[in-house]
Amino acid sequence: MDKWYKKPVRMMRWDYIQNIGTMKNTDLDKLARMKKEEWHINCEWIVGIPGAAPGAGHLTTFRAEGFESYPGLEDFDCLREYLPYAHKYGIKLLAYLNAHWYSYEFADKHPGWEQLLCNGKAYGRLHPLYGNGTTLCVNSPYRHWVYRLVKETMKTGVDGIFFDGPVVFRNCCYCESCRDKFKNKFGKDIPVKENWHDDLWKQFIEFRRDSLAEFLGGARKIVKEINPGGVIFLNSGGWQVGGWKYARDIEKMEKHQDFSGSEQFFHTNSSRTVFDTSMTAKYLTSGSNPAVVFTHYCMGLWHYIPLMPAEIKRALAQSVANRANPWIAFFDPMGTNRGANEPVAEILGFVEKNEEYYTEPDTIARVALHLSLQTSTYYVSRLEELYRDTGMGREEELSIDGGTGEVIIDWQKRKGVNEMMLYHSYLGYMLSLIRNHTLFDIILDSGLSSDRLKGYDVLILPNSACLSELQRKTVKEFVERGGNLIASFETGFYDEKGNHVEDEEWKSFLGIEKMEGILPVAVTGNYLVAEENFAGFEKGQLIESPAHSLLVKAKKNVAAPLFYMKQLKTYYMPLEGRLDYPALLIGNHVKGKVVYTPTTFEALYGEHMIDSPSTIIAYLLDMLLPEKILDVQAPSSVEVEAYYQKAESRYVIHLVNCTGDMQRPIKEFIPVNDIKIALKAGGIKKVYRLSDKKSLDFSSKKGTTEFCIPELEFYEVVVAEVCK
Ligand SMILES: [Zn+2]
């Protein structure tokens, strides 16, 4: 724990874009001091290579042997000049190196460096980056040019590097270096067509990821040679499905970087949930690296106007409440607007003052939610019904007979259908758990190990379709040992590379006697009916049902509380009664339980925000986890996260009130009163609020400690100390 980057870090990027020369005429002492005292950061990114038009990737803002300087700086060295002041105020300085956006002129001087599409055309010539500029390939000699740059950067004395890129762009790369490297490794040419039934195509997908991870590993080696305490990282990508297109693999990159970071920018037209930063933070903390959530301090695309203070506070508080490091970026002169620092100072200042409460927080969650990169990469369901045009705006003819008897498959569209399903499943579960105040951790594919699962009582596999034989075995053993499983739809029906598997034992483990097909995919006219009083639904009550529903028969002794209704053919038709196919299977194993739903009911919540699936999820968790570690009585818009600090023997409970004015960007938060919390912990000697260190009354009974928070304005941390 001695390394600075393992401790709570509060990062900022103050960006001048093309006007980096401004620094020449700035009082750097005052600048660094302002960032420390008014913004409360302890780590800053300074631009070493601007991410500026028209592709300035080859121009440095510092003295670097063999590299060209950014115009307007003359002999001013931004890194070396600013570094002593940053360090004077306790700010670690990282160089931001744009490594994905280069001018055509620079690329022309270096034939063979550009990323190529399979037709031999440079990606950046067909798709100019930000309207002008191209991008280079990590397998080409460009790699060594970058490594020299890394060396020059670290020679300035900075504490590390953030690489903005390189990105392996979609459908790349077919440059000579890639083609040679691939052929040497696999003995064959890189396949030119996307084909998810072709093993060579899948090898190409891994090859792209390995190339990026290797590139990063090589750069990291140079960083550590010059400064063993130096750091390097790049954007790992978020939880949203589809990262394979850009060769992003957070698990592969983990050991080659010192932070796992991802953007969670606010977009005025597409930010769907108020908990988006929390979800990204949870995803990034799934591994062993410290996490960073990148927050843009802009009103969406209006880059010189600050986002509303409530949104900025929300993003930063959700980052730190979920154990991620906060990061904020803005473009000068926006940051100098009067009062612009206030929302940032409120949260980062609080964290600075109470740093010890953010240090080494251990999870106390008993629920693990699996987000599967294997599945998001290789899942292309073999259920043809999923690809039929349903008149919902989905493209027709996803599978067509070419007249020769050959079936031509539109892989992109098929992949898109599966990715959307998965995206909504992930979103549905994460939102449901956060809003139901269930503590949970995200685990990735490598997390499906007996060692990692030991810490959990419930494992959720949201349509984790692609699981290896070993992973399926591990899940079964988890249940044998007394763990409980919730799985949905096609979980485990394919191997880790997306090949369909006939694993009857697995299906039987899920409670399935027989698979009989799938209901026609249709959004309208789908209902479930409660066969008995269940999850607050009365016997006979109708419940919304998702569009994707497998028809299975349950094994004997497996409970089936919900059934499908017969689908209505069109609107405004009478109900036609129940189908003899269950929608939820609950099986008792020797020690644990297995809950399997042949529908994607969590995706119904993720896509439509209809509450019924979330109610059922909450009920299932109550059933599987009768002894909740934390019981919170507060509106769903209040997020509660809790950890245990072993060294100090205390629980640290974060409350983020996102109860707002019902639209985004949020203008104000509405305070919430009388939040009752029951913590499954005895021997508590003191409970207090961190904001004013004021003690809270509490009562302890049978190993449970109860207390009440009279008012929560926005963000608060409550500490419960245990007698040592
Ligand atoms: Zn290449």
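For this structure, a couple of remarks:
- Summed over segment 353-386, the residues that are outside the structural domain of ASN484 (by TED's automatic domain parsing) and more than 25 Å from the chain's Cα centre (by Cα) give a count of 3.
- Segment 416-465, residues that are outside any loop (DSSP other than H, G, I, E, B), more than 22 Å from GLN633 (Cα to Cα) and among the hydroxyl-bearing types (Ser, Thr, Tyr): TYR423, SER425, TYR426, SER446, SER450
- Sole exception among (1) under 30 Å from PHE265 (Cα atoms); (2) more than 16 Å from the ligand (Cβ to nearest atom); (3) in a helix (DSSP H, G or I); (4) not hydrophobic (A, V, I, L, M, F, W, C) for ARG208, by number: (2)
- Selection status of TYR96, outside any helix (DSSP H, G or I), in contact (Cβ under 8 Å) with a residue 40 or more places away in the chain and away from the ligand (no atom under 16 Å from the Cβ): yes
- Looking only at segment 134-150, and only at residues there that are in a loop (DSSP other than H, G, I, E, B) and out of contact with any strand residue (DSSP E or B) (no Cβ under 9 Å at 6 or more places or on another chain), the one that is nearest to ARG63 (Cα to Cα): PRO141
- Against the conditions (1) touching a Leu at 6+ places or on another chain (Cβ under 9 Å); (2) without any contact (Cβ under 8 Å) to a residue 60 or more places away in the chain; (3) part of a loop (DSSP other than H, G, I, E, B); (4) crowded, with 20+ Cβ neighbours inside 10 Å, ASN289 satisfies every one except (1).
- LEU136 surrounded by 24 or more Cβ atoms within 10 Å (Cβ to Cβ), within 16 Å of the ligand (Cβ to nearest atom) and aliphatic (A, V, I, L, M): yes
- Residue in segment 151-164 that is polar (S, T, N, Q), more than 10 Å from the ligand (Cβ to nearest atom) and not in a helix (DSSP H, G or I) present: yes
- Any hit, segment 323-342, residues being assigned to a helix (DSSP H, G or I), aromatic (Phe, Trp, Tyr) and not assigned by TED's automatic domain parsing to the domain that holds LEU373: no
- Where a residue in segment 11-25 is in the same structural domain as ALA56 (by TED's automatic domain parsing) and under 19 Å from LEU316 (Cα atoms) and its partner, wherever it lies, is modelled with pLDDT of 95 or more and in a helix (DSSP H, G or I), with Cβ under 8 Å and at least six apart: MET12/LYS35; MET12/TRP39; TRP14/LYS35
- Each residue in segment 469-515 was checked for being β-branched (Val, Ile, Thr), assigned to a helix (DSSP H, G or I) and more than 21 Å from LEU620 (Cα to Cα), and 1 pass.
- Conditions (1) away from the ligand (no atom under 14 Å from the Cβ); (2) within 30 Å of the chain's Cα centre (by Cα); (3) outside any strand (DSSP E or B): number failed by ARG125: (2)
- Residue selection: VAL168 satisfies the criterion of being within 14 Å of the ligand (Cβ to nearest atom), β-branched (Val, Ile, Thr) and surrounded by 16 or more Cβ atoms within 10 Å (Cβ to Cβ).
- Pair list, Cβ < 8 Å and 6+ apart or interchain, from segment 176-197 residues that are under 28 Å from HIS500 (Cα atoms) to residues that are of a type in the set (Gly, Ala, Ser) and away from the ligand (no atom under 14 Å from the Cβ): TRP196/GLY498
- Within segment 100-117, the residues that satisfy the criterion of being surrounded by 14 or more Cβ atoms within 10 Å (Cβ to Cβ), within 16 Å of the ligand (Cβ to nearest atom) and closer than 28 Å to GLU194 by Cβ are HIS100, TYR102, ALA107, GLY112, TRP113, GLU114, GLN115, LEU116, LEU117.
- Evaluation of LEU307 against (1) surrounded by fewer than 21 Cβ atoms within 10 Å (Cβ to Cβ); (2) part of a loop (DSSP other than H, G, I, E, B) (one fails), failing number: (1)
- Options VAL168, VAL150; residue that is β-branched (Val, Ile, Thr) and more than 23 Å from LEU371 (Cα to Cα): VAL150
- Among the residues of segment 381-391, at least one is at pLDDT 95 or above and in contact with an Asp or Glu (Cβ under 7 Å, 6 or more places away or on another chain).
- Hits in segment 176-205 - residues which are over 20 Å from GLY120 (Cβ atoms), charged (D, E, K, R) and away from the ligand (no atom under 15 Å from the Cβ): ASP198, ASP199, LYS202
- Filter result for LYS667 (under 30 Å from MET299 (Cβ atoms) and not in a strand (DSSP E or B)): yes
- Any hit, segment 511-522, residues being over 26 Å from VAL417 (Cβ atoms) and either exposed (fewer than 15 other Cβ atoms within 10 Å of the Cβ) or touching a residue at least 24 places away in the same chain (Cβ under 8 Å) (or both): yes
- Residue in segment 582-602 that is surrounded by 16 or more Cβ atoms within 10 Å (Cβ to Cβ), closer than 25 Å to ILE512 by Cβ and basic (Lys, Arg) present: yes
- Of SER649, SER612, all but one fail to be polar (S, T, N, Q), crowded, with 16+ Cβ neighbours inside 10 Å and over 30 Å from GLU505 (Cα atoms); the exception is SER612.
- The one condition in (1) touching a His at 6+ places or on another chain (Cβ under 9 Å); (2) touching a residue at least 40 places away in the same chain (Cβ under 8 Å) that GLN240 fails to fulfil: (1)
- For the condition surrounded by fewer than 19 Cβ atoms within 10 Å (Cβ to Cβ) and touching a residue at least 12 places away in the same chain (Cβ under 8 Å), GLU38 qualifies.
- Candidates LYS693, LYS676, LYS724, LYS686, filtered to the one that is in a strand (DSSP E or B) and farther than 28 Å from ALA618 by Cα: LYS686
- Residue, nearest to the chain's Cα centre (by Cα), within segment 469-488, restricted to residues that are surrounded by fewer than 24 Cβ atoms within 10 Å (Cβ to Cβ) and without any contact (Cβ under 8 Å) to a residue 60 or more places away in the chain: GLN471
The values are calculated or read from the model by the stated rules, or taken from the named source; none is laboratory data. Because the structure is a prediction, the values reported are computed rather than measured. Reconstructed Cβ throughout: ideal geometry from the backbone, glycine too, with neighbour counts over all protein chains shown.
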